[in-house]
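Peer 1: Shown below is the structure under consideration.
The values are calculated or read from the model by the stated rules, or taken from the named source; none is laboratory data. Just so you know, these numbers come straight off a predicted model, no measurement behind them. All Cβ positions, even for glycine, are placed from backbone atoms using ideal geometry, and neighbour counts span all protein chains on display.
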Amino acid sequence: MTHIIDGKTIAAQIKEDLKHRVGTLESQPGLAVILVGDDPASKVYVGNKIKACEAVGIKSYESRLPAQATQGEILAEIKAFNDNKHVHGILLQLPVPDHLDSEALVQSIAAEKDVDGLSITNAGKLILGHTDGLVPCTPQGSLRLIKSVKDDLTGLNAVVIGRSNLFGKPMAQLLLRENCTVTMAHSRTRNLDEICRGADILVAAVGRAKMVKGDWIKDGAIVIDVGINRMDDGKLCGDVDFDAAKDKAFAITPVPGGVGPMTIACLLENTVKAFETQDKDSLAA
Ligand code: NAP
C-alpha cells in the first residue's frame, strides 16, 4: 500500500506544538510580512501567513506597499523592521515588481530575522553545516515529510529536480546532511528520466504540470512533489503524474495537501527559532 503523505495533518501538528511553545514564552514573537503590489496570488499567500501567525500566537506586522514603490522606500521599510525589537522575523513576499532589485532587498534583511533563509549568511551556514541558521521553509518542510515515512536516509540516492536558491539548492544540502547521495537536475540535464529511475528519493520542483512520468519512478521510491501548477479547469496539480507514480512509489505527496501546508508551518517555526535566538542574545548582552 502506497503511503499518501498527508502534509496537512503533519503541518497541523507542527502548528499545534508551536502554539504550546509560544504559550510558554515570556514575550510574543513577531513576524513582519512585506507585500509590494497587488498580485492576487501573493495577496492570498500573505493573508494565509498572517492567519497562521494569529492561530499560533505570533504577532504579525503587515506592510503593503504599492506596485510603484521605489527600491529606496522598500529598503527603508526593511530597515525599520530590522531595527524593531518586537519583530523577530521579516519576510518579503516574492516575486516583487520587475523594476525592483529583489536580491538586494532580500540581502538587506538582517540575517537573524531572515525567516525565508535566503540571506548569504543563512545559505552559507546551511552549506557549512552550522545548525543555528534559518533554513528555507519549503525544503525544510519537504525533509520533514520524507522523514515522516523514513527516518534514516543514509546512503539513499536522492534526485532533486530544480536548482533554485529558494528550493532546489537548500533541499540538496539538507539531503546531503542526511547522508544521501544527491544528484541535482535542471533544465540542461541529459537523460532526466534515467536519472530519476535511480532515485530512492525523488523531489520535483520545476513548475511543469505532470512532467515526471510514472515510469520514471523507481519501485519503492519516496516522491515529493513541490510543483504548483494551475490547470485550465482551475485545479492545482504538481510536477509529478500522481496517478501513475503512486502505483510505483512507496510514499508520495499529493498536490494540493502535501508540501504546500508545510511551508507555512516551517515559516512559523523559523519565526519562533529567530525569536529564541534574539531573546538569548539580548539576555547575554
Ligand atoms: P524556479 O526558480 O523557476 O526553478 C525551476 C527549476 O526547474 C530551475 O532550476 C530550472 O532549471 C528547472 N527546470 C525547468 N525546466 C526543466 C526541465 N524541463 N527539466 C528539468 N528541470 C527544469 O522555481 P522554484 O521557485 O524552485 O519553484 C519550483 C516549483 O515549486 C514551482 O511550481 C513553484 O510554484 C513550486 N513551489 C512550491 C512551494 C510550496 O510551498 N509548495 C514553494 C516554493 C516553490 P534551470 O535552473 O536550468 O533554469
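Peer 1: Have a look at A244, A221, A204, A209 and point out the one that is closer than 26 Å to P170 by Cβ, out of contact with any Ser or Thr (no Cβ under 9 Å at 6 or more places or on another chain), small (G, A, S) and more than 14 Å from the ligand (Cβ to nearest atom). Steps first, please.
Peer 2: Numbers: A244 fails: closer than 26 Å to P170 by Cβ; A204 fails: more than 14 Å from the ligand (Cβ to nearest atom); A209 fails: more than 14 Å from the ligand (Cβ to nearest atom).
Answer to the check: A221.
Peer 1: How many residues does region 88-126 hold that are surrounded by 14 or more Cβ atoms within 10 Å (Cβ to Cβ), in a helix (DSSP H, G or I) and either among the small types (G, A, S) or under 18 Å from the mean Cα position of the chain (by Cα) (or both)?
Peer 2: Step one: filter region 88-126 for residues surrounded by 14 or more Cβ atoms within 10 Å (Cβ to Cβ), giving 88-94, 96-97, 100, 102, 105-119, 121-123, 125-126.
Then drop every residue that is not in a helix (DSSP H, G or I), which leaves 102, 105-107, 111-113, 121-123, 125-126.
Keeping just the survivors that are either among the small types (G, A, S) or under 18 Å from the mean Cα position of the chain (by Cα) (or both) gives 102, 106-107, 111-113, 121-123, 125-126.
Total meeting the criteria: 11.
Peer 1: For region 214-242: of the residues being more than 16 Å from M1 (Cβ to Cβ) and of a type in the set (D, E), which is surrounded by the most Cβ atoms within 10 Å (Cβ to Cβ)?
Peer 2: Among those residues, the one meeting the criterion is D225.
Peer 1: Any idea which residue in region 224-235 is nearest to the ligand (Cβ to nearest atom), counting only those that are at pLDDT 95 or above and part of a strand (DSSP E or B)?
Peer 2: It comes out as N229.
Yes or no, residue by residue, for (1) part of a loop (DSSP other than H, G, I, E, B); (2) more than 30 Å from K213 (Cα to Cα); (3) more than 16 Å from the ligand (Cβ to nearest atom):
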site: K248; (1), (2), (3): yes, no, yes
site: P254; (1), (2), (3): yes, no, no
site: G260; (1), (2), (3): no, no, no
site: T263; (1), (2), (3): no, no, no
site: C266; (1), (2), (3): no, no, no
site: E269; (1), (2), (3): no, yes, no
site: F275; (1), (2), (3): no, yes, yes
site: D279; (1), (2), (3): no, yes, yes
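Peer 1: When residues of region 145-171 are filtered for being within 19 Å of G238 (Cβ to Cβ) and either in a loop (DSSP other than H, G, I, E, B) or within 13 Å of the ligand (Cβ to nearest atom) (or both), how many remain? Explain how you work it out, then say what you get.
Peer 2: Pass one, region 145-171, residues within 19 Å of G238 (Cβ to Cβ): 145-146, 148-149, 158-164, 166-168, 171.
Cutting the leftovers down to either in a loop (DSSP other than H, G, I, E, B) or within 13 Å of the ligand (Cβ to nearest atom) (or both) gives us 145, 159-164, 166-168, 171.
So the count comes out to 11.
Peer 1: A follow-up question, please. Within region 55-69, track down each residue that is exposed (fewer than 15 other Cβ atoms within 10 Å of the Cβ) and polar (S, T, N, Q).
Peer 2: Of everything in region 55-69, just one residue is exposed (fewer than 15 other Cβ atoms within 10 Å of the Cβ) and polar (S, T, N, Q), namely Q68.
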